[in-house]
Amino acid sequence: MAELEGDSAGDSAGDTTNTDMGIDSDMSFDGNMSAGTDMGGDESTTDADTDGAPTDHTQSASGGDEPTTPEQDQESENEDAVGTDDGLESEQGPDAAEQEEEDKQEGETEQPLEPVVNDRGEEYPEVIDPRTGEPIPPPEGDLEIVPQEERVPWGISERRAFIEEWEAKGYPVPEGGWSEYDIHHIRPREYGGTNDFDNLVPVPRSTHQGQLNPWWSGFNRK
């Protein structure tokens, strides 16, 4: 806890310096079967037609054999083939549509985001959040400056409260100790940021004061 007090002094000095700038130091998917005769015997399955081509026989409605031409057989086979293809298409159709939709959504997700820049054209600094191992995201939505009297307070007691909550949640002490870190407001107090745990993140003091604060000093300063 003695280390916290040392921090506090360092932060307090940093807060005073940045307050003058207007910036918070801790911002942030065929077989055709021939019919038998009435006598039970076998009957020849082919005759000669007018063209000399063999003619297949099928059983007629009356029980006799009705000849069919090769052209009729071919048409029947074509109809069977079409019906089979249609069945496949009807079964595969929904799956193909779903896959196409998934591919479309995946493509949209993979599109890179536009970088956030300040009024000087500088991209938002890439600083790692030790909680997630991912870059700290810039705040979203419209950012309007909040009057000084409406901003949440930040000082030694607020810093100490964050550190206690950080350690109570099981996060390790940052490398080098708290005295080397500032507490950054992801959404700056100047733009309505709160002291909620999810809006705060510890960053090395040199990074906070050398990258994050300068970037915010060039934001919305037209």
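Any read-out appearing in this document is the output of simple, stated calculations on the displayed coordinates, not a laboratory observation. As the structure is a computational prediction, the values presented were derived from the model and not from experiment. Glycine also receives a Cβ, built like all others from the backbone with ideal geometry; neighbour counts cover every protein chain displayed.
Can you list the residues, at least 5 places off or on another chain, whose amide H is less than 5 Å from the amide H of His184, using H built in the peptide plane?
Close amide H contacts, sequence-distant or interchain: Val201, Val203.
Residue by residue, what Karplus-based ³J(HN,Hα) values in Hz, rounded to whole numbers, does the stretch 137-146 have, using 6.51, -1.76 and 1.60 with θ = phi - 60° and x for Gly and Pro?
Per residue, the Karplus-derived 3J(HN,Hα) values read x, x, x, 9, x, 6, 10, 10, 5, 9 Hz.
Would you mind calculating the gained length between Glu134 and Gln209 on full extension (0.36 nm times residue separation, minus the Cα-Cα distance), in nm to one decimal?
Length gained, Glu134 through Gln209: 25.0 nm.
Can you tell me the alpha carbon radius of gyration of the stretch 140-206 divided by the globular rule-of-thumb value 2.2 N^0.38 Å?
My calculation over the Cα atoms of the stretch 140-206 gives 1.18.
On a full-extension model of 0.36 nm per residue, what is the gain between Ser157 and Asp103, subtracting their alpha-carbon distance, rounded to one decimal in nm? Intermediate values should be presented prior to the final figure.
On the way: separation 54, 0.36 × 54 = 19.44 nm, distance 5.09 nm.
This chain segment gains 14.4 nm when fully extended.
Arrange the peptides 146-157, 182-193, 198-209 so that the one whose residues have, on average, the most other Cβ atoms within 10 Å appears first.
Highest to lowest by the protection proxy: 182-193, 198-209, 146-157.
Report the full-extension gain for the segment Ala168 to Val116: residue separation times 0.36 nm, less the Cα-Cα distance, to one decimal in nm.
Result for the pair: 15.4 nm of gain on full extension.
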